[in-house]
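Okay, structure first, notes after.
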């Protein structure tokens, strides 16, 4: 999926560069980069969502700890050779049921947490994108490229301004 995205970005960029650029020449293009991951993580909304997710994760761990402790106790009881066969069978069934419940609850809580993270990220990303568009229009950028490890620009004759700090500042001030 990531390779397709990178291919599309470079294909679009190549197409743009190979066209005659009727309105202006290639060397007159005004290009900016933005580090969206940095902006997402450094924004006030990003920090707030991270704190909310960490608190929810801690609550989730506490919720699961009780079942973990019960599972450990049942495991000790099963390992104890002093119990008779009937008690051992009942404890084994109880252990299996509790382990199944534990795994289902853990999976549900993890999916919940991932869903919340995705929701927060999408909302912040959408808002940041709006600010990027504002900055690009106000400063007359022809192209804004998201800069990340997977889409690193190793060389360009074009001057590329990093607008991350400006976007972050505008975004944070708009959210206050």
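Where a number appears in this text, it was derived from the coordinates with a stated rule and is not lab data. On a predicted model such as this, the values are computed, not experimentally measured, just so you know. No Cβ is skipped: glycine too gets one built from the backbone with ideal geometry, and neighbour counts run over all protein chains shown.
Listed by Cβ neighbour count within 10 Å, with the fewest neighbours leading, 95, 155 appear as 155, 95.
Counting every other Cβ atom within 10 Å of each residue's Cβ, 96, 105 order from fewest to most as 96, 105. Model label points for residue 122 and residue 155, set 7 angstrom from Cα along the Cα-to-Cβ axis, are 4.1 nm apart. Each residue, residue 28 and residue 145, gets one label point 7 Å from its Cα in the Cβ direction; the gap between the two is 2.1 nm.
Here the scattering of segment 24-175 is modelled by Debye summation over its C-alpha atoms, one equal scatterer each and no solvent; at q = 0.09, 0.11, 0.14, 0.15 Å⁻¹ the log10 of I(q)/I(0) is -0.52, -0.63, -0.79, -0.85. For segment 91-153, the alpha carbon positions stretch 71, 24, 7 Å along the principal axes, listed from largest to smallest.
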